[in-house]
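Worksheet for the structure shown next.
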């Protein structure tokens, strides 16, 4: 399972970084979202991966780490709010500059 | 008395929430609320400084949870000094904002308060994840503030700023995950203890995490190669916002200083990344000097002077020597307040020049050219470090503390570049004039906050000896981390 989770994180972060480096605001927003997902799964797995265990001490023999779950929850909330803000900002940038290029204008016409 | 520690976070938080409830049309009420909060922060910061100056480290356990498990706020001399600096700068910036700039967007006042809450929280917290949360609070408020007032340039600079910082936040989380995964703690003091006993693969993982932290803090502090967002963002921000942002880079510097003093002064991770920081800071200094020479707008020039101060400070602090921390703190106080004053002055000049804005080209003569010119001259002398103002004292103390040829050469050359840039800007703005006076009258409510910040420089010069000793005291306390660690982990409440 460790390998699977590691692969998922790797794929999410790689696609996220690739999309972040694109020139259109929409792909940058998508990229940052994927990057955020990758980071969240990474943070979640830092408490150790266990199957079918409750995050309550005493409720199971080998409880999973509740702290990483709390951290991920905080990170998800913050990431969600930031993404919403970024979408609004990208729309305003599009509206004010009449282009969805991150620099406000097309250098070379590539999408 | 112990509850005072949380006041610098609670006051702006409550004021910010209250401001959201208040009716938008009643601008006066909102100004009073915001100003009351900012005014209250000054005596609170003074009380906290008094408390910290006795040499004890104050610890506030949120929810009364024991230290490594719960979140703590920690008040030592360094945090108290930074809180005081923030309070003074914020009050001047908000007074300037209340002269009219706050009308340019509906939520200026509440965003300003949330920004203060984030900055104060970042200075107080003793928990790494909590530091992340406060960084996010100050960032999301700063996103709103950076876009305050309209304009395509502002949106473009704002978009870059937001995307860069979101990527930075992702790196911050990865670093925190690694630290938690290997050491099982996020409490700074506990981490400092556990970092002494690392070995093998765990040490490698924590090394990676710490280097990632340096990247994140370097992004906040605007260190090469991560400073390119700063000139555009700061030069395009509204004046009171830009003045408040003068402290934002210092939050990054504070975080580097805190982590370095706490966890990396000895043990297996001692001096981790210090060489890297040293060279990057020197490159930052050099590039900021070039930027200052090539700036085509006064706002951009001042923004590069901010980057220059970052390079100066990080290079001195990366040495990890307590002897350099004291002068660096003196220089930090000086540069923060003077750069704030310069941003306000830049806005005053912009208002007097009509369509010429703050572009460094021939424009209409200024309505109060003599007074503005005198203020600009004083600010320029202070910021590049010519005698007799505080920049000179700060740079002299830094040069004495850091006996390194590249540092001396770069610091002096960067000062020269700043001087050339500012002289060129000043002679263009004040002497190469044509046509009629177009500018509006300068409001007293704008001039007074700017002068107040500017007058700190002569005050810092007159009180140079006590201030340098005070900063040395802060550095001494920072050098002996056993006090901090014992206060946090000893269970004192």
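Please treat every number below as a calculation from the coordinates, not as lab data. Note that the structure is a prediction, hence the values are computed from the model and not measured. Neighbour counts are summed over all protein chains in view; Cβ atoms, including those assigned to glycine, are modelled from backbone coordinates with ideal geometry.
Could you work out the Rg to Rh ratio of the stretch B:273-462, with Rh taken as the Kirkwood radius (inverse of the mean 1/r over all Cα pairs)?
Numbers: Rg = 17.0 Å, Rh = 16.9 Å.
Radius of gyration over Kirkwood radius for the stretch B:273-462 works out to 1.01.
Per DSSP H run of n ≥ 4, the term is -39500 (n - 2.57); total these for the protein assembly as shown, divide by its residue number, and report the mean residue ellipticity at 222 nm rounded to 500 deg cm²/dmol.
-24500 deg cm²/dmol
Evaluate the relative contact order of chain B (contact order divided by residue number), counting alpha-carbon pairs under 8 angstrom at least 6 apart; express in whole percent. Please list the in-between numbers first.
Numbers: 803 pairs, mean separation 80.7, N = 493.
Normalised by residue count, the contact order of chain B is 16 percent.
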Scattering curve values for the stretch B:81-151, log₁₀ I(q)/I(0), Debye with Cα scatterers, q = 0.15, 0.16, 0.21, 0.28 Å⁻¹: -0.51, -0.57, -0.89, -1.24
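May I have the convex hull volume per residue, in Å³, for the Cα set of the stretch B:1-109? The partial results should precede the final answer.
Details: hull volume 11.9 nm³, N = 109.
So the per-residue hull volume is 109 Å³.
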Calculated FRET efficiency for the pair residue B:228/residue A:83, C-beta based, R₀ 30 Å, to 0.05: 0.80
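Rounded to the nearest 0.05, what FRET efficiency is calculated for residue B:445 and residue B:104 with R0 set to 25 Å and r the Cβ-Cβ distance? Show your work: numbers first, answer last.
Working: r = 16 Å, r/R0 = 0.63.
Between residue B:445 and residue B:104 the formula returns 0.95.
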Inter-label distance, nm, simple model (7 Å from Cα along the C-beta direction), residue B:433/residue B:362: 1.5
Residues A:80, B:135, B:112, sorted so that the one with the fewest Cβ neighbours within 10 Å comes first: A:80, B:135, B:112
Protection proxy ranking, peptides B:197-208, B:297-308, B:265-276, B:313-324, average beta carbon neighbours within 10 Å, highest first: B:297-308, B:313-324, B:265-276, B:197-208
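For the pair residue A:3 and residue B:47, what calculated FRET efficiency results from E = 1/(1 + (r/R0)^6), where r is the Cβ-Cβ distance and R0 = 56 Å, to the nearest 0.05? Don't skip to the answer; put the middle values down first.
On the way: r = 55 Å, r/R0 = 0.99.
Working from the Cβ atoms, E equals 0.50.
Using 0.36 nm per residue, how much length does the chain from residue A:57 to residue A:21 gain when fully extended, once their Cα-Cα distance is taken away? Spell out each step's value before the answer.
On the way: separation 36, 0.36 × 36 = 12.96 nm, distance 4.35 nm.
That pair, residue A:57 and residue A:21, stretches by 8.6 nm at full extension.
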Counting all C-alpha pairs of the stretch B:30-174, share separated by more than 23 Å (%): 44
Extension gain, residue B:3 back to residue B:69 (0.36 nm per residue minus Cα-Cα distance, nm): 21.8 nm
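Would you please report the Å³ per residue occupied by the convex hull of the alpha carbon atoms in the stretch B:371-417?
Details: hull volume 2.5 nm³, N = 47.
For the stretch B:371-417, the hull spanned by Cα atoms encloses 53 Å³ per residue.
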Between 0 and 90°, nearest 10: helix B:77-97 axis offset from chain B longest Cα axis: 30
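Calculate the translational D of the stretch A:2-97 in whole µm² s⁻¹ from Stokes-Einstein, where the hydrodynamic radius comes from the Kirkwood formula applied to all Cα pairs, the temperature is 25 °C and the viscosity 0.890 mPa s. Don't skip to the end; give the middle numbers.
Numbers: Rh = 15.0 Å.
After rounding, the answer is 164 µm²/s.
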Alpha-carbon radius of gyration plus Dmax, which is the widest Cα pair, for the protein assembly as shown in Å: 23.8, 84
Order of B:441, B:194, B:220 under a 10 Å beta carbon neighbour criterion, fewest first: B:441, B:194, B:220
Nearest 10 degrees, 0 to 90: helix B:128-146 Cα axis against chain B principal axis: 10
Nearest-ten-degree value, helix A:66-97 long axis tilted from longest Cα axis of chain A: 10
10 °C / 1.306 mPa s Stokes-Einstein diffusion coefficient of chain B, Kirkwood radius on C-alpha pairs, µm²/s: 70
For the stretch B:223-305: Kirkwood Rh in Å [reciprocal of mean 1/r, alpha carbons]: 14.2
Percent of alpha-carbon pairs separated by more than 20 Å within the stretch B:152-240: 46
